[in-house]
Every structure is written in structure tokens, then in C-alpha cells.
Amino acid sequence: MKAIVATSTAFHLRHLAVALGRTGWEVEFHSYLPRSKTRSYGLRDDQVVSHFRALLPWSALALVRGGPRWLRRVRERLFALIDRRIARAIGPAEVFVGLSAVAVASAARARELGCLVLIERGSSHILTQQATALASGGEEPSALYVERELASYAEADRIVVLSRFAARTFAEHGEAPDRLEIMPLGVDTTCFVAPPSQPEPPLRVLVAGVWSRRKGCDLIEPLLDQVPGITITHAGLTGDLPLPRHPRFRSIGYQTHAGMAAAMAEHHLLVFPSRDDGFGMVMAEALACGLRVVASETSGGPDLAAMVGAPWVSLVPSGDGPALAAAVREQAETFDRDPTGFAVPAEKISGLSWQAYGARYVAMLARLLKDRGQ
């Protein structure tokens, strides 16, 4: 069995490609990453078609983290360029998995070649994301990005989303339930590991991701006054909100996986109040490190709550500051009563590994191919 995986940089599709390769699938991974990068992800050179050199200098620019708005537009325009290159490069296969907004022409070509076409969407439906940005005052996606997202959905035999929340947003925009597959992500359990002992009190709260309204970070600063004694650390870039100036708040900026794992080892609780998030891999990483999670319902929080169970994941309505404060206060009181029993037990996270994710994905492919008579 052969799977073509088409993306721009990597996102979670690199983990998918590695997982498929380890289960015996022939993998052809297309991106504009250099091979030095794909090797570091565990992909062999014979599994990789790199479009990095052909798309220079734009491919190199697109790999710069963050950057001004014009750089984000460069990345969006690169989607069309790499899409056309992939469409010309691919041959027959059983399965084509393409990143949404990237795979349009390539997805259409894959269908001509007889592939089962899956489009991977890492967030909510693009129109939901657009509406959320408009309502919260955040940056809206560009017209070009919206157009390519919608076009890629139309090319799919199945749209693969990462959470029940994301699936609901697609249903709200008219997608038939039988065109949607829900596939929660995994976590690198060799990197994200619970420390030998918990950090000392007081309760240390971690917030991860871009400091922005979309991520619900405007609800974070009030927690410092509403939940006495806690400290809050932010790990990530600064977005459309100013960082708080408070003696019990600090920001440590963007962190690599190793840096994030180290930060998690120094904290007890992750707070993830995103107004719109297709999953939120950082929550799974935090659980693997023994942190409890307070998450919005408009994320992968409900999926992780179903996988791990209460009281390790607490859910709050999106954008509800008082509910968020109440949930964090409850966790703080639990911690004060029994700090030694606060950490998530290791046996709760066995289903969160990338190996478990790969097994779920292979089972899904087997079911879908069987339905096609393959």
C-alpha cells in the first residue's frame, strides 16, 4: 500500500508519514522542507520529495518563524506553487493525504489517478475561524487563504479533523457527517515525560501558544487576581494582545519541544482557553508531562477529557472568564488539599502516543479502502 502525503512545511503530517512508514506503508512525503529537516523528523530520503530548492528563495523565507504580515502572505502564495508541483510529480497510489489549503490541484490529480483523497484540516472550518477572528477582534484569514481552504474541502473524499469541535464546525457549514473523520493527535512520549517529582507549591500555571484573543489570552490576566497565589508562565510568541505586567506573570517566548518539555516539568496546570482550536497538541503534551488541563470546549479538550477522564481535564465554555476562573480556582483548591496526588497518573496517557495515533489512522484507512472495494 502506498500513501502520498502532501503538505507545505510539516505540521502533524510528518508524524503521520513516519507512523505509516513504520506500519509497512510505502510513503511519499512532499513538502518545501529541506531534506536535512525531514531527516530530523525520522523520514528517510527515499520517502521524501523535497521542493525546497525549486521554490527558493520563497521556501526559505516561508520557514522563518513568525514575521510580518507580508511574510505570511508569501506562505499563502507558496501553497499554490507547491500544489502545482506536487500535482505534476505524483503517480498512482492507494491514498493521498493533503494539507488543507495546500492540496487543491494535487488532490484533483490524485483522484484522477484513483487515490482515496483525504484532506487534513488542523483547525475548525475556515469560515468558523474567520467568524471567530472577526468577533474577537483578531486577525482574519486572507481571502486567498479562505478560497484555497474551501477548494481543498471540495476535493476531498473525506475531511480529517482533529476533534469533535472541529467536526461540528464543518457540519454547521453543510458538510455531510459521512465525509468527516475525527482523528485526535498523538504526542512524543519520549520527549514529553512526567518529571521524577512535582515542582514545589504554589500552583504554577502554564499558558502555551500565541498570546492572542483567538487563543483566549485576554481571559488569562484576570486569573492572577481571581485565583490568589498562583503564578502564570506564558510560552509562545506575542500576537494581538499586550503581555501582562504583573509580578506573578512571566513570558519565556517561543520554545522548542525540548524547551517546552522542560517548562512543563516546572508547572502543575496548563490553561488552554482558546476560542477556536482544531485540537491543541500542547494539551496532550502537558498531560504526558503530568500536568492537569483546563480547556475550552472549542478545542480538543472534550476529546482529551474522553480519553483521559476527569478530574485530569476540566472543560469551560468558550470565552467565559468567570467559568475559567472558577475551574482554575477549583484546581488550585484541589492542589492545596493534596499536592502529592495532583499529577496525572502515567497509565492515563497510554492512548496519547504517536504510535497509538498511527494505529488509529491505519485502522481508519483500512476501513475506508474496504468500503471502496480495495
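Things to note:
- Selection from ALA306, LEU63, MET264, by position along the positive dipole direction of the chain (Cβ): LEU63
- Under the Debye formula (equal points on every Cα, no solvent term), log10 I(q)/I(0) of segment 1-107 at q = 0.10, 0.13, 0.17, 0.19 Å⁻¹: -0.25, -0.43, -0.73, -0.91
- Cα convex hull of segment 155-203 - mean projected area over all directions, nm²: 6.2 nm²
- Within a straight-line Cα-Cα reach of under 27 Å, LYS215 can be paired with the following lysines, leaving aside sequence neighbours fewer than 8 residues apart in one chain: LYS348.
- Segment 218-344 shape via C-alpha gyration tensor axes, a/c threshold 1.5: rounded
- C-alpha long axis of helix 69-89 to longest principal axis of the chain, angle in °: 40 degrees
- Summarising the label geometry, the points placed 7 Å from Cα in the beta-carbon direction at TYR41 and ALA359 lie 2.4 nm from one another.
- For segment 1-98, the residue among LEU78, SER8, THR23 whose Cα projects farthest onto the positive side of the dipole built from Cβ charges is LEU78.
- Apportionment of accessible area to carbon and sulfur, segment 315-374, percent (1.4 Å): 53 percent
- Rolling a 1.4 Å probe over the heavy atoms of the protein chains gives segment 242-374 an accessible area of 41 Å² per residue.
- For VAL5, the residues whose modelled amide H falls within less than 5 Å of its own, excluding neighbours fewer than 5 places apart on the same chain, are GLU28, PHE29, HIS30, VAL97.
- Cα-based shape type of the chain, given that a ≥ b ≥ c are square roots of the gyration tensor eigenvalues and the cut on a/c is 1.5: prolate
- Two-site label geometry, ALA326 and LYS2: point separation in nm, points 7 Å out along Cα→Cβ: 5.7 nm
- Heavy atoms of SER251: accessible area, 1.4 Å probe, square angstrom to 10: 50 Å²
- Relative to the Cα centre, the charge distribution of the chain, modelled as +1 at Lys and Arg Cβ and -1 at Asp and Glu Cβ, gives a dipole magnitude of about 1180 debye.
- Sequence-separation-based contact order of segment 156-216, relative, with Cα cut under 8 Å and 6+ spacing, percent: 31 percent
- Rh by Kirkwood over Cα pairs, then Stokes-Einstein D for segment 119-247 at 1.002 mPa s and 20 °C, µm²/s: 122 µm²/s
- The modelled label-to-label distance between LEU61 and ALA310, using points 7 Å beyond Cα along the C-beta direction, is 5.2 nm.
- Carbon and sulfur %, accessible surface of segment 27-136 computed with the full protein complex present, 1.4 Å: 54 percent
- The distance linking segment 252-282 with segment 14-86 is 24 Å (Cα centroid to Cα centroid, whole angstrom).
- Order of exposure, largest accessible area first, which applies to TYR145, TYR153 with probe 1.4 Å: TYR145, TYR153
The values are calculated or read from the model by the stated rules, or taken from the named source; none is laboratory data. Everything quoted here is computed from the prediction, not taken from an experiment. Heads up, the Cβs are rebuilt from the backbone with ideal geometry, glycines too, and the neighbour counts pull from every protein chain shown. Ligands, DNA and RNA are stripped out before the accessible areas are found, and what is left, the full protein with its side chains, is counted by its heavy atoms. Shrake-Rupley method; radii C 1.70, N 1.55, O 1.52, S 1.80 Å.
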